[in-house]
Amino acid sequence: MRHSIVVNLGDQIEVITNGRYKSVEHRVIAQTNGTRMSVASFYNPASDALIYPAPVLLEQKAEDTEQVYPKFVFEDYMKLYATLKFQPKEPRFEAMKAIGSF
């Protein structure tokens with residue numbers, strides 16, 4: 001995508017929006033011709049931050065909308081992420097439900 005800016009959303013945004021916005025599986029495909037410039041910038045909450053779907057988004061949807069993602073402490077998620085980061089993201093969310101960090 002020539003002359004473009006791409007913004008990848010992370011797992012925390014997926015959780016906060018209760019799945020309305022999905023985090024991406026980021027993989028780079030290198031081009032053999034031309035040059036490329038990438039700038040990575042990460043913004044993370046405090047390690048003790050509680051991450052969960054925003055209540056206002058749950059209230060705005062239909063009454064039968066359920067909370068898809070569990071509440072968890074960011075540091076607990078990052079520990080799990082470090083061991084599973086090259087695997088599909090769905091098992092990470094399921095593992096957080098099992099851990100019940102909050």
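Read-outs: derived from the displayed coordinates by stated rules, not from any lab. Bear in mind that the values here come from a model prediction, so they are computed numbers and not experimental data. Ideal geometry is used to build each Cβ from the backbone, glycine not excepted, and the neighbour counts take in all protein chains shown.
A few remarks follow.
- Only Lys, Arg, Asp and Glu carry charge here, each on its Cβ (+1 for the first two, -1 for the last two); on that basis the stretch 2-64 has a dipole of about 540 debye about its Cα centre.
- Length-normalised contact order of the chain in % [C-alpha pairs under 8 Å, at least 6 apart]: 24 percent
- Burial order of peptide ranges 33-42, 73-82 (average beta-carbon count within 10 Å, highest first): 73-82, 33-42
- Along the axis of the charge dipole computed for the chain (Cβ charges of +1 for Lys and Arg, -1 for Asp and Glu, origin at the Cα centre), the listed residues THR35, THR83, THR17 are led at the positive end by THR35.
- Taking a straight Cα-Cα cut-off under 19 Å and skipping sequence neighbours fewer than 8 places away in the same chain, the lysines within cross-link reach of LYS97 are LYS22, LYS71, LYS79, LYS85, LYS89.
- Taking every alpha-carbon pair in the chain and binning the separations at 5 Å intervals from zero gives 2, 10, 19, 21, 17, 11, 9, 6, 3, 1, 0 percent.
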